[in-house]
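Q: Here you go, one structure.
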Amino acid sequence: GLGPEECMAVNPRLVYGRMTGWGQSGPLAPRAGHDTNYAAVSGALWGCSPADARPVSPFAVLGDIGGGAMYLMTGLLSGIVQARATGRGTVVDAAIVDGSAHMLNLMLSARQSGLVADVRGQSIHDSAPFYDTYVCADGHYVTVGAIEPQFYTLLLQVLGLAEDPDFTGSQWDKAAWPVRRARLAALFLAQPRAHWQALLEPTDACFGVVLSPVEAAQHPHMRARDVYSERQGVLQAAPAPRFDGAAYEPGEACAPGAHTQSVMEGLGQSGARAVWRQR
């Protein structure tokens with residue numbers, strides 16, 4: 001009795017959000033699933049690894065958060081704008097497969113220009129030596145993303161490769177990419193991560209160290225922006241985006257459902273706790 005038809009009959013301005021994995025229609029709509037399944041079927045999981053490795057679900061939960069929660073939020077906010085303007089609400093069908101597929105549109109547009117191939121290991125994101133992840137002498141990783149020519153030129157200059165015969169040809173000569181990647185891999189492997197961080201991070205060479213969330217919380221940039229905080233032993237990231245440049249400071253960690261009763265009482269539903277427990 002809590003579906004959109006019943007609720008919107010009481011309040012036609014209601015914006016009713018439905019986030020599911022497979023959506024409200026289609027042959028898989030009644031089936032169970034999880035983030036990795038939705039990302040896989042949507043096409044989003046296909047490129048999430050080197051070509052010679054199995055695709056692995058991104059740690060950031062690409063489907064549930066990216067293709068699901070973010071699109072649900074966008075739909076709800078859009079519906080609220082519509083309801084305020086027209087007095088008419090809407091039902092938001094936020095399917096994780098829809099959102100995960102929609103996030104591929106940038107790569108699909110690059111497919112038209114040849115930057116993305118239909119075979120793994122032959123696209124800019126998984127084969128270009130200037131857009132890749134490299135292991136360092138201490139087993140840690142760094143990333144380079146010098147796509148634009150000015151950044152690529154700077155990267156070669158800082159690494160001492162500007163006059164190297166293996167790098168003097170066109171940046172986009174795919175035939176030269178395997179040799180260049182091997183050269184860069186050997187170079188980064190010769191020094192620990194901190195060395196490359198000190199050398200490249202202060203430049204515009206499009207460089208970034210690969211950090212765990214715990215390490216990221218201690219990075220000078222993340223600390224300066226107060227991105228992470230720890231309360232009661234719980235590490236958490238600050239809400240995003242920011243409004244008027246101000247960071248929102250998270251409150252104390254709490255157990256799931258700790259505020260349900262106070263929220264329901266604020267809505268005039270003082271008896272909600274017993275009903276919630278029964279359901």
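Q: With labels modelled as points extended 7 Å from the Cα through the Cβ direction, what inter-label distance (nm, one decimal) is found for residue 226 paired with residue 264?
A: According to this spin-label approximation, the distance is 3.4 nm.
Q: Right, next: Can you tell me the relative contact order of the chain? Whole percent, Cα pairs under 8 Å, sequence separation 6 or more.
A: On the way: 344 pairs, mean separation 37.8, N = 279.
The value is 14 percent.
Q: Next up: Gaussian network model of the chain, Cα springs within a sub-10 Å range: biggest mean-square fluctuation belongs to which of 50, 149, 250?
A: Maximum fluctuation in the GNM of the chain, among the listed residues, is at 250.
Q: Now a separate question. Identify which of 251, 208, 268 has the largest mean-square fluctuation in a Gaussian network model of the chain, with springs joining Cα atoms closer than 10 Å.
A: 268
Q: Cut-off 10 angstrom, C-alpha nodes, Gaussian network model of the chain. Which of 96, 124, 65 fluctuates the most?
A: 65
Q: Quick one: if you stick a label point 7 Å off each Cα along the C-beta vector at residue 14 and residue 34, how many nm between them?
A: The answer from the label model is 3.2 nm.
Q: Could you list the residues of the stretch 223-244 with an amide nitrogen less than 11 Å from a label point located 7 Å from the Cα of residue 211 in the Cα-to-C-beta direction?
A: 223-228, by backbone N distance to the label point.
Q: Given R₀ = 25 Å, what would the calculated FRET efficiency be for residue 117 paired with residue 182, taking r from the Cβ atoms and rounding to 0.05?
A: E(calc), rounded to 0.05, equals 0.80.
Q: So which chymotrypsin sites (Phe, Trp or Tyr not before Pro) in the stretch 1-65 are both in a DSSP loop and have at most 11 other Cβ atoms within 10 Å of their Cβ?
A: In loop regions of the stretch 1-65 (DSSP not H, G, I, E or B), the sparsely surrounded chymotrypsin sites (Phe, Trp or Tyr not before Pro) are 59.
Q: To the nearest Å, what is the center-to-center distance of the stretch 161-191 and the stretch 66-99, using C-alpha atoms only?
A: The distance from the Cα centre of the stretch 161-191 to that of the stretch 66-99 comes to 46 Å.
Q: Once the other residues with Cβ under 12 Å from the Cβ of residue 236 are scored (Lys, Arg +1; Asp, Glu -1), what is the net sum?
A: -3
Q: Please compute the alpha carbon radius of gyration of the stretch 1-124, then divide it by the globular-protein estimate 2.2 N^0.38 Å. Two decimals is fine.
A: Values: Rg = 17.4 Å, N = 124, 2.2 N^0.38 = 13.7 Å.
Ratio of Cα Rg to 2.2 N^0.38 Å: 1.27.
Q: Please check which bits of the stretch 98-117 a label hung off residue 78 would reach, taking the label as a point 7 Å along Cα-to-C-beta and the cut-off as backbone N under 20 Å.
A: Of the residues in the stretch 98-117, 98-109 have backbone N under 20 Å from the label point off residue 78.
Q: Run the helix sum for the chain: -39,500 (n - 2.57) per DSSP H stretch of 4+ residues, divided by residue count, reported at 222 nm to the nearest 500 deg cm²/dmol.
A: Values: 13 runs with 106 residues, N = 279.
Value at 222 nm, helices only, nearest 500: -10500 deg cm²/dmol.
Q: Now for a separate question. Dividing the convex hull volume of the Cα atoms of the chain by its residue count, what figure in Å³ per residue is obtained?
A: Residue-normalised Cα hull volume stands at 204 Å³.
Quick note: the coordinates plus some simple rules give every number you see, no bench work behind them. The structure presented is a predicted model; accordingly, all values stated were derived computationally and were not measured. Every residue, glycine as well, gets a Cβ built from its backbone with ideal geometry; the counts of neighbours run over all protein chains shown.
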